[in-house]
1. Cβ-Cβ under 7 Å, sequence separation 6+ or interchain: first residue in the stretch 209-236 and acidic (Asp, Glu), partner modelled with pLDDT of 95 or more and surrounded by fewer than 20 Cβ atoms within 10 Å (Cβ to Cβ). Which pairs?
2. Could you please find all residues in the stretch 88-119 being closer than 18 Å to ASP62 by Cα and outside any strand (DSSP E or B)?
3. Taking the conditions exactly as written (out of contact with any Gly (no Cβ under 9 Å at 6 or more places or on another chain), under 22 Å from SER408 (Cα atoms) and either outside the structural domain of ILE609 (by TED's automatic domain parsing) or assigned to a strand (DSSP E or B) (or both)), does ILE511 satisfy them or not?
4. For the stretch 515-523, state whether one or more residues are touching a Phe, Trp or Tyr at 6+ places or on another chain (Cβ under 8 Å), outside any loop (DSSP other than H, G, I, E, B) and touching a residue at least 24 places away in the same chain (Cβ under 8 Å).
5. Do you know which residues across the stretch 524-558 are more than 35 Å from the chain's Cα centre (by Cα), free of Cβ contacts under 8 Å to residues at least 60 places away in the same chain and in a loop (DSSP other than H, G, I, E, B)?
6. Select from the stretch 95-117 the residues that are touching a residue at least 60 places away in the same chain (Cβ under 8 Å) and either among the small types (Gly, Ala, Ser) or more than 24 Å from PRO132 (Cα to Cα) (or both) and list them in ascending order.
7. For GLY72, work out the one condition from (1) crowded, with 21+ Cβ neighbours inside 10 Å; (2) farther than 20 Å from THR153 by Cα; (3) out of contact with any Ser or Thr (no Cβ under 7 Å at 6 or more places or on another chain) it doesn't fulfil.
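The values are calculated or read from the model by the stated rules, or taken from the named source; none is laboratory data. All values reported here derive from a predicted model rather than from experimental measurement. When we count neighbours, we look across all protein chains shown, and the Cβ atoms used for this are built from the backbone with ideal geometry, even at glycine.
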Amino acid sequence: MNSRLPTAASLILLTCLTACGGGSGSDHQSEGDVLPVPPPSTVDGGDNGGEVPVPPVILSEDFGDGLFVGFGEADTISFFSSDYKALSTDNPDDSQPSFYYPTCCFFEGDDPALGTAVNLEQLGIVSDAGNPSLLLNTGRFSLGQTRPELDGTDPKKDSTSGDVTGTWGELNLSTDYRISFCVKEASGSRNMQVFVDNNSSSESKSYWGGGSAGSRIFNVPVNQLVAGKRVEINVPGNVTLEPGATPVDIRPVLVGNATSFLQLRVEGGSTVIIDDLLVEPQTENGQADLPECGVFTPATPPAVPDAPTLNAGDGQITVSWSTGVGVGSYDLAWGTSNDISTATQMLDVSSPVVLESLANGTEYFTFLRANNSAGSSDWSAAASATPVAPLGCVVTTPGDITGSIAWSVYDGCISPESSGALVLKANSTGSLTYADTDILFSANNDGTATLDTSADSGARSKGDITGVVADADGYPQYFTLLARVDVSASPARGLEVETAFNAPSDARVKILLRPDQGADGRFQLERFQDGTANAEADLTMADDYHVYQINYIVTDPTDVSVVDGKNISASVYRDGVNISEQLSGATMGDLAVLGTGRTGGGGANRLRIGEDASSGYFAKVDWLLWSNDAAVAAMSADDLVGELPASIGELGFYAGAGGSAAILNESFDAATDGDGSTSDFFTAGYKAISSDASKAFYNVTGSGSRITLAGGQLSINNARFSIGDSNPGAATSAGSVPQGDLDLSQPYVISFDVTANGNDGASTGKCQVYVDNNTSSSSSSQHGGSSKIFEKTVATIADDDGATGTVSIASSVGTAMSFIQLRCDSGVTAPITIDNVKVELQ
């Protein structure tokens, strides 16, 4: 049994029919596609008594032209439903009050109570290029049959007989009438039949009996029917197979009354496809208003649809499209590149579709494909959109600076020259001052601001704030700056932040973020070393936001302890990691780099933010913080965790983790010691994905037989498993989207203990750790080759290059929805045993 619902267009049709008079309302002469009627005349109801109306057109049925689009089971089910066309009679005992009632080849076991089991080769809606028709082969159905007061599995099937004393139906056949229909295809030698008040397959089983004047008013071999021509059955009168042809039969008397129904049937082994069925009084000529009959042409696959319409929101995109005629279903594909071969496919979907759990700021591409019974179209052109966080934010005020440090703040909420854009030393507000008329540093209304001078390399948009260093003259002087900045979209330079120190110092230090230099970007302290040479280091800037922290201590350059005038100490951190030793001019192990800074500061005691060069700049700034407190200048990134105002935006490493840096702590004890809900480590019962209790947190991704657990430890060789992958069945690729349960959006450390190692020093095998990659290829990840964050020969795997001991892996590769994979390759022939797997924030 197939319980597929009607297509979207079918549902639209059902709504239209109900709104236009269908369903079980009172105006049943206009329901479905029965034509509207003028005031009726009346005739004698015969054996049923009373005067009955005779409408000019009794029934007109085109089988859903331009409305049914699947041309298959769903549309067939819709056609034989009361939603498409209902009986006028309101009978609570009739479970199937549909005007068209299948008397064969539709219900499971021919029992309506068992649901549908449509056989489309025997009875069903078919199409030629958007024009639906009805196919009959063994199938039969009644038109306008109400439920009789009879018992049995199906009182509307095979219940008529020659002994009945009345009729049950809603077609008024009490005056001379004509039935006509187009033959679109006919094959086989068996008969097509039309019955009046007969729901069986025997002509005699009817109120009208059998014979030439009986219930079977049409009985013609299918091979005599002419495709593309209209059959006409006059009762009483001639029966012709095409207009103007010699009659093949003559019906001698009227068969029918004011409460009749019809049944159409084709005997098994023969097929007829009909369209545009019309029942009318012989005094009318409704055929003139119907389309010319044509032959059946098999449906072709749909045309390529237009690209879908996208509406981006917070972490999601709504995809919608209009349903086309001749389309039964749609497939949707989406990914992070304009490449259908790497996209994730969603089959048989209906508009709209909401793609959820997406990464804000990432562009997603969607493709649409249309299907029908004849096949599928090509994929549409791509439509793209970028999810964004909700717009709007609340400007930080002095009352929001509640910690022990009197920070000055710019939170990105409003344009920095606006009144109140800055909080100054936690007790007043201010703004940046711009000398230039063009202020090219503006708020995005989402808590971030953008500096953009990329359109005019000559533009210099820089804002100043003075009094940033302690007011007292002399030395030492202290200044600390933190900034969360994203320069990944910059075509050239990113951002400058210059500090000019207080008199008597003439020094100034300019920070430059240069995504245009190095392999992936470069951090610079411009001309810091000796007034001419930069202190710089290559850093990846092409990924996302990073938090930079710079602590300055300025001493008297005339002090005898100062060597070569290098009186400024700068400690530089990125995302909580001290990178000072990576800067040119520093030596290994230095926690700060020494220099003179540039001259020309003039004791201006000023912070300048923006750019002051003849190059284009582009940067997004979440927030900036600064302080002139000596105690703060002595604090490392670790010391500042939890010390930043929570109101300013994303804090990354500095937010901590609610008092705990732990992301994962796995001892394997519950897997083998019986203190877990199950002894099977790779099940949801042991540990589940946080968002879905049915999905296992740990999953084998290769050679599970070589992963064993014993004594609260895990042993592995030539195998791999994932940690926190919420979709392990889907192999990751360069176009993958986040699908993990671990928040690795801040710098972190993965560690585990190797307690036993059966591999000697001759082994060339290696063990690896990947992020957001469940394959054995390092490039099969949204992070590309960077997904492999650890690889080391198994015999020297520990931090001290020993075969056993602790393995520590510091990394910043990841997202808020990441997972990890641990692998030992085929060269690791003997197991290594590990314990105490931890993931912690740095």
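1. The qualifying pairs are GLU232/THR240.
2. PHE99
3. Working: out of contact with any Gly (no Cβ under 9 Å at 6 or more places or on another chain): yes; under 22 Å from SER408 (Cα atoms): yes; either outside the structural domain of ILE609 (by TED's automatic domain parsing) or assigned to a strand (DSSP E or B) (or both): yes.
When the stated conditions are applied, ILE511 passes them.
4. yes
5. THR532, ALA533, ASN534, PRO557, THR558
6. GLU108, LEU114, GLY115, ALA117
7. Status for GLY72: all satisfied but (3).
To keep it simple, each residue is scored yes or no on (1) part of a strand (DSSP E or B); (2) out of contact with any Phe, Trp or Tyr (no Cβ under 6 Å at 6 or more places or on another chain); (3) at pLDDT 90 or above.
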| position | (1), (2), (3) |
| --- | --- |
| GLU121 | no, yes, yes |
| GLY124 | yes, yes, yes |
| SER127 | yes, no, no |
| PRO132 | yes, no, no |
| LEU135 | yes, yes, yes |
| SER142 | yes, no, yes |
| THR146 | no, no, yes |
| ASP151 | no, yes, no |
| LYS157 | no, yes, yes |
